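The values are calculated or read from the model by the stated rules, or taken from the named source; none is laboratory data. It should be emphasised that the depicted structure is a prediction, and the values quoted were computed from it without experimental measurement. Every residue, glycine as well, gets a Cβ built from its backbone with ideal geometry; the counts of neighbours run over all protein chains shown.
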Amino acid sequence: MARVLASEIPHHVGEQVSLLGFLHWKRDLGGIQFALVRDRSGIVQVVVEKGVDLPLAESSIRVTGKVVENAKAPGGYEVLANGIEVVSAALEPSPIEIPKEEWRVNPETLLEYRYVSLRGEKARAALQVQAALVRGFRNYLDAQGFTEIYTPKIVSAGAEGGSNLFGIDYFEKRAYLAQSPQLYKQIMVGVYERVYEVAPVFRAEEHATSRHLNEYLSLDVEMGFIQDEFEVIDLEENLLRAMLEEARHTTPKQLAMLEVEWPNTQEMPRLSHAEARRILREELSMPVGQDFNEEAERALGAYAKEKWGVDFLFVTKYPQVARPFYAYPEGNGVTRGFDLLFRGLEITSGGQRVHQYEVLIEQLRNKGNDPANFAGYLEVFKYGMPPHGGFAIGAERLTQKLLGLPNVRYARAFPRDRHRLTP
Ligand code: AMO
């Protein structure tokens, strides 16, 4: 008998079907047993006669039986089993009872047993929504004439400043894991004008926080022949709308299950850094520096929500001291760099870049870098690099804030944090 998926069950009422999946949950009521079977499309209730031996939860099984309607069953249908075959038995009881404990047990426990906790409905849904966001990212940019690129993750110098680089041995040389594809995506603007990359990057963050990972998925964009950074911001606004639409259209069940409060995607106001500082100081009575800390970002997010009813807020014209050497200087210590806050968390940095060779050399030196270490990058600026700019979205942070996850680590299947290298 051909396999029927959980999602197809409503089309087979009265028929004998065969289901393949994992034993999600079981309960023996004495006279009768209930089981939930989970496959890639969803979960089905199965009624099993007493006396039939069910294997341990998380075993994979084949169920044959008749589909009937039952208003009390999850989804309104169930399968009256007349055959249970164990495809692959669980050898031990699962270390966490997935349907009951998901996101209720201590996060460390969930991550420790990630190979089974990922099977939980919420964990599965969160990563599927993330995949939809990434699909929306690719689809939108493809349609706008961007080319997908793949840059090296083993590099000879950091792009974002030296403090959080992971060093590795590269034969007889010292190398690093890439913090960002920044320098390579800029070089690739000279090739395709418009490029993007979806790839992991690495940051040796010493502190365990709810928003930092040591390996995360960076959604990078870079485009040439721009007027200024606002062209880049316009693109990011439309890109985010397209990404969120893709998630809404292709993962509606997952979003409903996670009880997602949909963000306002209509308006994404732009505030200069100077104006943001003024608000923090004068209206919110907060101490402010040249770069915003987590608390300042949260306060700005709350302010924007209350005052304008928005979830996304661009902060533009960042001071030079708070930006890397490649940020385009506008004079008076201000750059064309911007950040995007989503619900009070920075999910993007971006901006216009320096495209003039001499200015780059000078800015590298001003930030205490030896231009010789950036030789492979600098060369291309001798060959007609146009004004360009771009940004990077942290995929896990976007997912975290969209779904209201308590910790960014839940937005990654196998997170790497200060203390975790396995599973
Ligand atoms: P930045 O270093 O600000 O900019 O990083 C861009 C975005 O990546 C995310 N992010 C992180 N997510 C999880 N864990 C971390 N440790 C972490 N660090 C950063 C954030 C952040 O906004 N080259 C520039 C981008 C550009 O200008 O194009 C860069 O990497 O969402």
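What to note about this one:
- When we screen VAL232, VAL221, VAL195 for residues that are touching an Asp or Glu at 6+ places or on another chain (Cβ under 6 Å), of a type in the set (A, V, I, L, M) and under 16 Å from PHE146 (Cα atoms), the only hit is VAL195.
- The condition of being surrounded by 16 or more Cβ atoms within 10 Å (Cβ to Cβ) and of a type outside the set (Asp, Glu) holds for only one of PRO263, PRO269, PRO200, that being PRO263.
- Checking each residue in segment 101-111 for being touching a residue at least 12 places away in the same chain (Cβ under 8 Å) and not hydroxyl-bearing (Ser, Thr, Tyr) picks out GLU102, TRP103, PRO107, LEU110, LEU111.
- For segment 394-423, a tally of residues being small (Gly, Ala, Ser) and assigned to a loop (DSSP other than H, G, I, E, B) returns 2.
One line per residue, one yes/no per condition, for (1) of a type in the set (Ser, Thr, Tyr); (2) touching a helix residue (DSSP H, G or I) at 6+ places or on another chain (Cβ under 7 Å); (3) part of a loop (DSSP other than H, G, I, E, B); (4) within 16 Å of the ligand (Cβ to nearest atom):
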residue: GLU330; (1), (2), (3), (4): no, no, no, yes
residue: PHE338; (1), (2), (3), (4): no, yes, no, yes
residue: GLU358; (1), (2), (3), (4): no, no, no, no
residue: ASN369; (1), (2), (3), (4): no, no, yes, yes
residue: PHE381; (1), (2), (3), (4): no, yes, no, no
residue: MET385; (1), (2), (3), (4): no, yes, yes, yes
residue: ALA392; (1), (2), (3), (4): no, no, no, yes
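- Flag for ASN293 being at pLDDT below 95, away from the ligand (no atom under 15 Å from the Cβ) and surrounded by fewer than 22 Cβ atoms within 10 Å (Cβ to Cβ): no
- Options VAL221, VAL260, VAL232; residue that is in contact with a helix residue (DSSP H, G or I) (Cβ under 8 Å, 6 or more places away or on another chain), touching a residue at least 40 places away in the same chain (Cβ under 8 Å), near the ligand (Cβ under 10 Å from one of its atoms) and more than 19 Å from ARG416 (Cβ to Cβ): VAL221
- Any pair with Cβ under 9 angstrom, 6 or more apart, that starts in segment 195-206 at a residue that is under 12 Å from PRO415 (Cα atoms) and ends at one that is modelled with pLDDT under 95 and surrounded by fewer than 16 Cβ atoms within 10 Å (Cβ to Cβ): PHE202/ASN164
- Within segment 396-407, the set of residues being of a type outside the set (S, T, N, Q) and surrounded by fewer than 24 Cβ atoms within 10 Å (Cβ to Cβ) comprises ARG397, LYS401, LEU403, GLY404, LEU405, PRO406.
- Checklist (1) away from the ligand (no atom under 11 Å from the Cβ); (2) more than 27 Å from PHE314 (Cα to Cα); (3) within 12 Å of the chain's Cα centre (by Cα); (4) not aromatic (Phe, Trp, Tyr) applied to ARG420, failing item: (3)
- Flag for TYR326 being touching a residue at least 24 places away in the same chain (Cβ under 8 Å) and within 11 Å of the ligand (Cβ to nearest atom): yes
- Test: ALA413 is within 15 Å of the ligand (Cβ to nearest atom), at pLDDT 95 or above, hydrophobic (A, V, I, L, M, F, W, C) and surrounded by fewer than 21 Cβ atoms within 10 Å (Cβ to Cβ): yes
- Lone unmet requirement of (1) under 29 Å from GLU112 (Cα atoms); (2) charged (D, E, K, R); (3) at pLDDT 95 or above; (4) out of contact with any helix residue (DSSP H, G or I) (no Cβ under 8 Å at 6 or more places or on another chain) for GLU97: (3)
- If you go through segment 1-55 and keep only what is assigned to a strand (DSSP E or B) and without any contact (Cβ under 8 Å) to a residue 12 or more places away in the chain, you end up with just ARG27.
- Within segment 405-417, being within 9 Å of the chain's Cα centre (by Cα), over 17 Å from GLU261 (Cβ atoms) and of a type in the set (A, V, I, L, M, F, W, C) holds for one residue alone: VAL408.
- Total residues in segment 372-404 satisfying the condition of being modelled with pLDDT of 95 or more and either within 12 Å of the chain's Cα centre (by Cα) or polar (S, T, N, Q) (or both): the figure is 12.
- Taking the criterion of being surrounded by fewer than 20 Cβ atoms within 10 Å (Cβ to Cβ) and either in contact with a strand residue (DSSP E or B) (Cβ under 6 Å, 6 or more places away or on another chain) or more than 29 Å from LEU239 (Cα to Cα) (or both), the residues of segment 375-395 that qualify are ALA375, GLY376, LEU378, GLU379, LYS382, TYR383, PRO386.
- With respect to the conditions (1) surrounded by 16 or more Cβ atoms within 10 Å (Cβ to Cβ); (2) within 30 Å of ALA123 (Cα to Cα); (3) more than 12 Å from the ligand (Cβ to nearest atom), ALA178 lacks only one, and its number is (3).
- Selection within segment 302-322: residues that are assigned to a helix (DSSP H, G or I) and not aliphatic (A, V, I, L, M). The member of this set that is nearest to the chain's Cα centre (by Cα) is LYS305.
- Some residue of segment 298-319 being modelled with pLDDT under 95, within 15 Å of the ligand (Cβ to nearest atom) and not hydrophobic (A, V, I, L, M, F, W, C): no
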